[in-house]
Amino acid sequence: QVQLVESGGGLVQAGDSLRLSCVASEHTFSMYAVGWFRQAPGKEREFVSGVTFNGHSTYYAKTVEGRFTISRDNTKNTVYLQMNDLKVEDSAVYYCAADLSGPSRNPLVYDYWGQGTQVTISA
């Protein structure tokens, strides 16, 4: 059982940056692909970014490509999402998720989820 804890969310202005962290409870975390998803009120959960177990391949939604960067440090059981040039439409609860396959853009694939961290961008 992998437990995931997100942190780093907050309230910032448009154009600012935030770095989210996803820390896992298990050292076997290095075997898992990780995805970041977000969900705004009244909307479906959407894929933001994903990284393979070894960090060698990364994937992004078109809406964040060029502004967000995903990375991982398996020595710290942590995956990061660096978010730059934030926009009002980036406001949502951000979740990290882990799975032995993938990463996938389909949230149903993932076995483990964190509790989420709120990101709010003001104009």
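The values are calculated or read from the model by the stated rules, or taken from the named source; none is laboratory data. None of the values given here were measured: they were computed from a predicted structure. Accessible surface is based on the protein model in full, side chains and every heavy atom, while ligands, DNA and RNA are left aside. Shrake-Rupley method; radii C 1.70, N 1.55, O 1.52, S 1.80 Å.
Pull up the cross-link candidates among the aspartates and glutamates for K76, meaning alpha carbon to alpha carbon under 16 Å and not fewer than 8 places away within one chain. Counting by Cα, and skipping residues close in sequence, K76 has these aspartates and glutamates nearby: E6, E26. The relative contact order of the chain, computed from alpha carbon pairs under 8 Å that lie at least 6 residues apart in sequence, is 36 percent.
Annotation: per residue accessible area for the stretch 10-95 equals 50 Å², rounded to a whole number [probe 1.4 Å, protein chains only].
Comparing Cα centroids, the stretch 81-123 and the stretch 1-41 end up 6 angstrom apart. Taking 24 Å as the straight-line reach from the Cα of K62, the lysines in range (excluding those fewer than 8 positions away in the same chain) are K43, K87. Split the accessible area of the chain by element, probe 1.4 Å, and carbon with sulfur accounts for 49%.
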